[in-house]
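What follows is a short report on a single structure.
The values are calculated or read from the model by the stated rules, or taken from the named source; none is laboratory data. Note that the structure is a prediction, hence the values are computed from the model and not measured. Glycine also receives a Cβ, built like all others from the backbone with ideal geometry; neighbour counts cover every protein chain displayed. Accessible surface areas use protein heavy atoms only, side chains included; no ligands, DNA or RNA. Shrake-Rupley method; radii C 1.70, N 1.55, O 1.52, S 1.80 Å.
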Amino acid sequence: MAFATARSLALRGADGHVIDVQVDVSPGLVGTTIIGRVDKGLSEARDRVRMAINNDCARWPATKRVTILLAPADLPKGGTHYDLAIAVAVMAADKQHKDLTPDLLAGWAFIGELSVSGGLRPVPGVLPMVIAAAAHGITRVFVPEPQAAEAALVPGMTVFGVRSLAQVSAVLRGAEVPEAPPVVGPSASPLATWRGDDRLSDLDLTDLDGLDDVRYAVEVAAAGGHPLMLIGPRGTGKTSIAERIPTILPDLSTEQALEVTALHSVAGLLPEGSGLLRRPPWFAPHHSATAASVLGGGTGRVRPGQVSLAHHGVLFLDEFPHFRSDVIEAMRQPLESGEVTIARGEEAATYPARSLVVLAANPCPCGNFHGQSGGACECSDVQRAHYRRKLSGPILDRVDIWMEVRPQRRGRTGSWRPAPESSADVRARVADARERQARRYQDCSWQLNASCPGAAIAERWPLDPEAQRLVDAELSAGMLSRRGMTRVQRLSWTVADCAGVSRPGPREAEIALALRSDDSARSLPARVVAVTAS
Ligand SMILES: [Zn+2]
């Protein structure tokens, strides 16, 4: 009996788990078996690996019985990245080279898909796999050469970026490496790499005139992570202001950047040689997008959707009422819990999805309704009422801020008016407000007001009694639900954090109530806007 074990990793959601690939090569009934809850893609590994070994560097044990066991057996396993671990374990178990002994595989992780000729192909999810390997005490990893930079983001890991099975075999045996030497990524600190996503860097809030109350609402949403709904006729600038929200978010912390980069790695979206994603991501799916695209799923492997790719960034759903109803329904979970679970067959993957959710809607189906007269709206009352109903309900009860975006009067941009504030100025205030929250919640599992549980507010961070009376009055008048009250309390804290106030008082509660209300007659107190615009 001949036996060898090589380590690889399985992904559940964006979390990696160490897998022992155990290979037994023995005389007996000729054939190859792979066991341990493997999917179809993985069971095809036997053919890829057999051809890769035969064509590249050795001989597949064609006259013996080969048993491949992936342990732990209860974890579902899929994907093609186990090829490399299977190949080296077969070669070591079969003693193809007398100097490639099974003990040489200890301390390594092996990640990569093999081609028929023995070449190594890139695979999705390298970063979270290497993070898990490091957490398990593994210090050396083989990955496909183009993904060496990605793997080297993990501190304390020595990365070998390789092109072929023959190179891996040579490195393990300490022999001369064919073709070129492998890239040996030094163990890097993630801070050493900087590569922001600058798709939106040419946008700035200074480009937009007016909209002072909307700017304020957007600043509060960004500071506290509050879901935001923008309602207004076509052409009022809803999209323009929404796509500038990433420009007022601070850079991601190292921990956040690793999480976001890992999610993009799982989705196979990291460009070759890419480093850590440092800027908050921005995703804006079209309203015709499928649930798989927005929430996650897909055929074959379960992939994270845009709601997870936008984690710690902004997810913008323009024309929200036009989204498919299964997408609208499914948005409840990420809005409520900051994660999304995709179940398919016996497999379920959970991905983080704590993005700033920004929804936009027209006031009516034609998009032109505004003012007392209705503007240029061509819709009937019935159509408008039906549309309005789509805008309410369980999803919109989970939206913290409702903001009317009104048409801007022209000719108000004379020289007497101060230049609009820049994104950098607002971003500095957002960073300050987030700092206050981080200090307050340092012993908690959440970082921003929008995620603070209602019970925690009641016990540890109640509003000033006079402020709470204002909120209670709305509750008993039936203008707020219980859930709505918690949202107003969270918003009050963010309004206070934005203004540098240590505890929300009546003024903060009043502003929060106005931000929460979808009643257009009850706009933000003018003084709020005046204060922030000055
Ligand atoms: Zn209309």
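State the answer as a single residue: which of Y351, S293, P321 lies farthest towards the positive end of the charge dipole of segment 264-399, with beta carbon charges of +1 for Lys and Arg and -1 for Asp and Glu, about the Cα centre.
Farthest towards the positive end: Y351.
With every protein chain in place, what's the accessible area of K40 (1.4 Å probe, Å², nearest 10)?
Here the accessible area works out near 150 Å².
Check cross-link reach from K95 to the lysines: straight Cα distance under 25 Å, and skip same-chain residues fewer than eight apart.
Qualifying lysines at Cα under 25 Å: K64.
For the charge dipole of the chain, defined by +1 on Lys and Arg C-beta atoms and -1 on Asp and Glu C-beta atoms about the Cα centroid, which residue among V141, C366, P128 has the Cα displaced farthest towards the positive pole?
Final value for the positive-end residue is C366.
Place a point 7 Å from Cα of T239 in the direction of its Cβ. Which residues in segment 338-365 have their backbone N less than 18 Å from it?
358-365
On a 0 to 90 degree scale, rounded to 10, what angle separates helix 381-390 from the longest Cα axis of the chain?
Taking Cα atoms only, the helix is inclined about 50 degrees.
Could you tally the net charge around C377, taking each other residue with its Cβ under 14 Å from the Cβ of C377, Lys/Arg +1 and Asp/Glu -1? Display every interim value, and only then the final one.
Values: positive: R234, R384, R388; negative: E378, D381.
Result for the neighbourhood of C377: +1.
For F3, what charge total do you get from the other residues with a beta carbon under 12 Å from its beta carbon, if Lys and Arg give +1 and Asp and Glu give -1? Each step should come with its number before you reach the end.
Working: positive: K95; negative: D20, D24, D94, D103.
So the surrounding residues net to -3.
Using a 1.4 Å probe, what is the accessible area per residue for the chain, in Å²?
Working: 22820 Å² over 534 residues.
Per-residue accessible area for the chain comes out at 43 Å².
Compute the Rg to Rh ratio over the chain from the alpha carbon atoms, using the Kirkwood formula for Rh, and round to two decimal places.
Values: Rg = 27.7 Å, Rh = 25.7 Å.
Here the Rg-to-Rh quotient is 1.08.
Nothing charged except the Cβ atoms of Lys and Arg (+1) and of Asp and Glu (-1): what's the magnitude of the dipole of the chain about its Cα centre? Round to the nearest 20 debye. Walk me through the numbers on the way to the answer.
Numbers: 58 positive and 59 negative charges, 91 e Å.
That gives a dipole near 440 debye.
Stretched out fully, how many nm does the piece from H17 to T139 gain, at 0.36 nm a residue minus the Cα gap?
Working: separation 122, 0.36 × 122 = 43.92 nm, distance 1.51 nm.
Gain on stretching H17 to T139: 42.4 nm.
Given points 7 Å out from each Cα along the Cα-Cβ axis, report the D207 to A473 separation in nanometres with one decimal.
4.3 nm
Give me a comma-separated list of calculated 3J(HN,Hα) values for segment 290-297, in order, Karplus coefficients 6.51, -1.76, 1.60 applied at θ = phi - 60°, integers in Hz, x for any Gly or Pro.
Those phi angles translate into 7, 4, 4, 6, 7, 9, x, x Hz.
If R₀ is 35 angstrom, what is the calculated FRET efficiency for the pair D326 and S115, using the beta carbon separation as r and rounding to 0.05?
Working: r = 38 Å, r/R0 = 1.10.
Efficiency for this residue pair is about 0.35.
Ratio of Rg to Rh for segment 456-505, alpha carbon only, Kirkwood?
Details: Rg = 10.6 Å, Rh = 11.0 Å.
Here Rg/Rh amounts to 0.96.
Which percent of the accessible area of the chain is formed by carbon and sulfur heavy atoms (probe 1.4 angstrom)? Can you show the working numbers first?
Details: 11710 of 22820 Å².
Carbon and sulfur together cover 51 percent of it.
What do you get for the angle between helix 423-440 and the principal long axis of the chain? Use alpha-carbon atoms, 0 to 90 degrees, nearest ten.
For helix 423-440, the angle is close to 80 degrees.
Need one number: % antiparallel among DSSP beta bridges in the chain, to the nearest 5. It would help to have the intermediate numbers written out before the result.
Details: 32 of 60 bridges.
In the chain, approximately 55 percent of DSSP beta bridges are antiparallel ones.
In nm, give the distance between the simple-model label positions of E435 and L75, each being 7 Å from the Cα along the Cα-to-Cβ direction.
Here the answer is 4.1 nm between the modelled labels.
Starting from the amide H of V314, placed 1.01 Å from N in the peptide plane, find each other amide H under 5 Å away whose residue is 5 or more places distant or on another chain.
Correct list: W282, F283, L356.
Please list, in chain and number order, the residues 5+ apart from G16 or on another chain whose amide H is under 5 Å from its amide H, with Hs placed from the backbone.
Under 5 Å from the amide H of G16 lie the amide H atoms of A132, each far enough along the sequence or on another chain.
Would you mind checking the tilt of helix 83-93 against the longest principal axis of the Cα atoms of the chain, expressed as 0 to 90 degrees and rounded to 10?
30 degrees
For R398, R354, give the ranking by accessible area with the largest first, probe 1.4 Å. Let's see the in-between values first.
Working: R398 20, R354 105 Å².
So, going from the largest accessible area down, we get R354, R398.
At a Förster radius of 35 Å, what calculated FRET efficiency corresponds to the Cβ-Cβ distance of T290 and S26, to the nearest 0.05?
The calculated FRET efficiency here is 0.15.
Let me know the Kirkwood hydrodynamic radius for segment 434-487, please, with Cα pairs as the basis and the value in Å to one decimal. All intermediate terms of the calculation are to be shown ahead of the outcome.
Values: mean 1/r = 0.0820 Å⁻¹.
So the Kirkwood estimate lands at 12.2 Å.
Give, in nm to one decimal, the length gained when the segment between L269 and I35 is fully stretched (0.36 nm per residue of separation minus the Cα-Cα distance).
Details: separation 234, 0.36 × 234 = 84.24 nm, distance 3.03 nm.
This chain segment gains 81.2 nm when fully extended.
When the chain is fully extended, how far beyond the present Cα-Cα distance does D47 get from W446, taking 0.36 nm per residue of separation?
Numbers: separation 399, 0.36 × 399 = 143.64 nm, distance 4.70 nm.
Extra length available between D47 and W446 comes to 138.9 nm.
Can you compute the modelled spin-label distance between R65 and A385, with each label point 7 Å from Cα toward Cβ, in nm?
Label-label distance for R65 and A385, simple model: 7.6 nm.
For G297, which sequence-distant residues (separation of 5 or more, or a different chain) have an amide H within less than 5 Å of its own amide H, given hydrogens modelled in the peptide plane?
For G297, whose amide H was placed from the backbone, the distant partners under 5 Å are R303, G305.
Taking every pair of distinct Cα atoms and averaging 1/r, then inverting, what Kirkwood hydrodynamic radius in Å comes out for segment 201-328?
Working: mean 1/r = 0.0628 Å⁻¹.
Result for segment 201-328 stands at 15.9 Å.
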